[in-house]
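Read through the structure below, which is laid out as C-alpha cells, and then see the notes.
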Amino acid sequence: MNRWIAAMLLLLPIAGCGGTQTQSEQDDDHYTQEDLERDTGDVYRPTNSGEDDDGVEKGSRDKPARTDTVKNNESPSTERKKDPEPKKDPEPKVEQPRKDPQPKKDPEPKVEQPKKDPEPRVEPKKDRTDTIAGFISNVSTRMDALESTKAWKEFLKAKEKFDDRLDKALEKGNDERGKDAEAAWANAIQAWYEVRYMHEVFLHINRKTGKEFEPGAGLNFDELQVYSDEQLKSDDCAHTYAAYELAEPEMKEIRQFQTDVLKYDLVASKVFQDEKQARKWATEKQKWQDATEGKYDDKELKKFRE
C-alpha cells in the first residue's frame, strides 16, 4: 500500500506539467501504459483493489471504540524514549583515618596490705607457786639422799685425789723446774681425767629421764618456769635434777684446771702436749671419752650402783 501511495505522488507533478504542454508535445510525448509501468514498476499493487493488503475487505474491519485503550504492543509509542541519564560514578568515600585504639591500661596491681600477725594471745599466768615450790622441795630432799650413794662417794674420792695432786704439782713448780715437776703435773692430769669420768658415771646412774628433760636452769622460782607442770610434778625429773645440782658446784674447779692451768702454766702445758707423758693417763682419758659418748662397762657400773 505504501508503494501505491508513492506512485500516486509521482503522477501529480506529471499531470501538472501536462496542462501546459502543447498539443504537438502531447502527441509526441504521450505517456503510455508502458511509461507508467516503467515508472511504477517497483511500486506494490494489491491484486484486489477492494481488499486490504492482508485480504480483508476494506471497511469491514471493526473500528475500536473510543473508550477502548490501545495496547502498547499494538501501537508503538511515538514518543522518543529519553536516554537514561548516565549514572554518575559515586563520589569516592573519603575514609577518615582510623584512630589507633588507645592501649588498654593494665589494671594497677592490687597492693595487698600485709596481714598483721595476730597478736599472740596472752594467757593469764597460772599460779604455779605451789607446783614450783613442791619441785624445789623434792629436789632438795633427793640431793640429801644422793650424798649417801656409792657413786657420789666415789666421785668425791676422785675429786679429793685430783685436788691433792694439783697442790703437789703447784708446789714443785714453785721450787724447781725439773723432772720432779713434770712428773707431778703428769699425775695431776691423770687424776683430772679420773674425776671427770666419775662425774659422767654419777650423772648417768642418776638420770631417770630421757633427753627431752635437760637439767641446769637453776634452782629458783623464776628459772624453773621453763619446765612444764608435768615435769615439775615428776619424781624422775626431780631425781635427775638433784644429781646435777649436787655435782655441778664440785665441777667448777675441775673446769678451771684446763682453762687456767694447762693453758698458762709453762711446765703443765709442756707435759700436757708431750706424747710420751700422755701414755701415763691414756687409760683414764679413753674411759672418759667413752663415757661422754654414752659408752660404759656394765661390770664397772655395777660397782657404783646400790
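With the condition kept exactly as written, say whether any residue in segment 272-283 is farther than 29 Å from A181 by Cα and of a type in the set (D, E, K, R). Within segment 272-283, not a single residue is farther than 29 Å from A181 by Cα and of a type in the set (D, E, K, R). Kindly indicate whether R255 is touching a residue at least 24 places away in the same chain (Cβ under 8 Å) and either more than 51 Å from the chain's Cα centre (by Cα) or under 25 Å from K150 (Cα atoms) (or both). No; evaluated as a whole, the condition is false for this residue.
Each residue in segment 185-214 was checked for being open to solvent by less than 20 Å² (accessible area, probe 1.4 Å) and under 30 Å from T129 (Cβ atoms), and 2 of them qualify.
Counting the residues of segment 229-270 that are at pLDDT below 95, of a type in the set (D, E, K, R) and not in a helix (DSSP H, G or I) gives 2.
Does at least one position in segment 268-290 carry a residue that is more than 19 Å from A186 (Cβ to Cβ), among the basic types (K, R) and open to solvent by 90 Å² or more (accessible area, probe 1.4 Å)? No, there is no match, as no residue in segment 268-290 is more than 19 Å from A186 (Cβ to Cβ), among the basic types (K, R) and open to solvent by 90 Å² or more (accessible area, probe 1.4 Å). Taken over segment 196-228, residues that are part of a helix (DSSP H, G or I) and farther than 13 Å from I136 by Cα amount to 11.
For segment 240-254, a residue qualifies if it is over 16 Å from D167 (Cα atoms) and surrounded by fewer than 17 Cβ atoms within 10 Å (Cβ to Cβ), and the qualifying residues are E248, P249, E250, M251, K252.
The values are calculated or read from the model by the stated rules, or taken from the named source; none is laboratory data. Note that the structure is a prediction, hence the values are computed from the model and not measured. Here Cβ is always computed from backbone atoms with ideal geometry, including for glycine, and neighbour counts include all displayed protein chains. In case anyone asks, the SASA skips ligands and DNA or RNA and just uses the protein heavy atoms, side chains included. Shrake-Rupley method; radii C 1.70, N 1.55, O 1.52, S 1.80 Å.
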